[in-house]
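One structure is given below, encoded as structure tokens.
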Amino acid sequence: MPEQKLQNSKSKIWILLVLVLVILLGVGGFFYWKNYLAKSNEQGGERSEPPRLFGKEDYRVEEREDGKYIVVDKVGLRAKVPEGWRVEMKNTPDAEGNEYWVDMYSENATGTSYLKRGCGISIIVTKSEEYNQEIREKIVKLKNNESLESYGIVKIIENKVVNIENKEALGWLSDVHEIAGQFTGIGVPIGLKNVLEIKASFAKGFSSQCLPIWQEFMKTIEIK
């Protein structure tokens, strides 16, 4: 009996680890996209260049009288950090070189692979002509009233075209996952080779608290 309990415990741990991995692949899609393209190139695929995240020096925190702002000059982005939130620079564990994004967390946010409490917002800028084109194609499909396929364990319940500073963006909202909570975000093709992604995560049970903060944050976004 003790051995059976130990095996069951190990099985639950592995299931949780796999679940977290699938969630990251489904919602934090840029990690999977990067690895997929790299593998495609090795196998002689048609894709010519894997996407790369912007470097650490491309992001900066600007202090103003009314608060902190995240600025990415290369894509003309300026967005206000929600009051009282902390800002962290992150890079992929397997990053080859200087590839980063910005995470922002509410004061009550806890968790590592996914939030257990509170709210989070990420700003990710990717350089990839093919990814840029893919986002544009999805926007066209939505404007033609076509549906989009959804990948990953987190179900996307809404896709729509949104306008940010006169730029068309792909907007999406997920269902509430029993462990990882809820996610929402936008993907903005910038020029022909860059994609600006802004994603929010709400811990389970915190959507009603986080969604209004996300909506106010969206109003602060400037893309010139």
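The values are calculated or read from the model by the stated rules, or taken from the named source; none is laboratory data. Remember, it's a predicted structure, so these values are computed and weren't measured experimentally. Please note: Cβ atoms are built from the backbone with ideal geometry, for glycine as well, and neighbour counts cover all protein chains shown.
Within region 99-137, the set of residues being touching a strand residue (DSSP E or B) at 6+ places or on another chain (Cβ under 6 Å) and β-branched (V, I, T) comprises V102, T110, I121, I123, I124, V125, T126, I135. Exactly one residue among V125, V72 is farther than 24 Å from Q209 by Cα, over 13 Å from the mean Cα position of the chain (by Cα) and surrounded by 20 or more Cβ atoms within 10 Å (Cβ to Cβ), and that residue is V72. The conditions are (1) crowded, with 16+ Cβ neighbours inside 10 Å; (2) more than 23 Å from S128 (Cβ to Cβ); (3) over 15 Å from the mean Cα position of the chain (by Cα), and A180 fails exactly one of them. Which is it? Tallying (1) crowded, with 16+ Cβ neighbours inside 10 Å; (2) more than 23 Å from S128 (Cβ to Cβ); (3) over 15 Å from the mean Cα position of the chain (by Cα), A180 fails exactly one: (3). From the list E63, E57, the lone residue that is assigned to a strand (DSSP E or B), more than 17 Å from the chain's Cα centre (by Cα) and loosely packed, with under 13 Cβ neighbours inside 10 Å is E63. The set of residues in region 185-224 being under 24 Å from D58 (Cβ atoms) and β-branched (V, I, T) consists of I186, V188, I190, V195, I198, T220, I221, I223. Taken together, the residues in region 136-155 that are at pLDDT below 95 and of a type in the set (A, V, I, L, M, F, W, C) amount to 3.
What are the residues in region 100-119 that are outside any strand (DSSP E or B), more than 14 Å from the chain's Cα centre (by Cα) and at pLDDT below 95, if any? Before you say what the answer is, go through the steps one by one.
Of all residues in region 100-119, those outside any strand (DSSP E or B) come to 106-109, 112-114, 118.
Next, from what is left, pick out any that are more than 14 Å from the chain's Cα centre (by Cα): 106-109, 112, 118.
Matches in region 100-119: T112 only.
E168 meets each of the listed conditions (1) crowded, with 19+ Cβ neighbours inside 10 Å; (2) of a type outside the set (G, A, S); (3) more than 23 Å from R52 (Cβ to Cβ) apart from (1). Among the numbered conditions (1) assigned to a strand (DSSP E or B); (2) in contact with an Asp or Glu (Cβ under 8 Å, 6 or more places away or on another chain), the only one that G84 does not meet is (1).
When you check L196 against the structure, is it at pLDDT 95 or above, under 20 Å from E99 (Cβ atoms) and out of contact with any Cys (no Cβ under 8 Å at 6 or more places or on another chain), yes or no?
When the stated conditions are applied, L196 passes them.
Pairs meeting the criteria (first residue in region 61-78 and touching a residue at least 40 places away in the same chain (Cβ under 8 Å), second residue in a strand (DSSP E or B) and of a type in the set (G, A, S), beta carbons under 6 Å, at least 6 apart or on different chains) are I70/A79.
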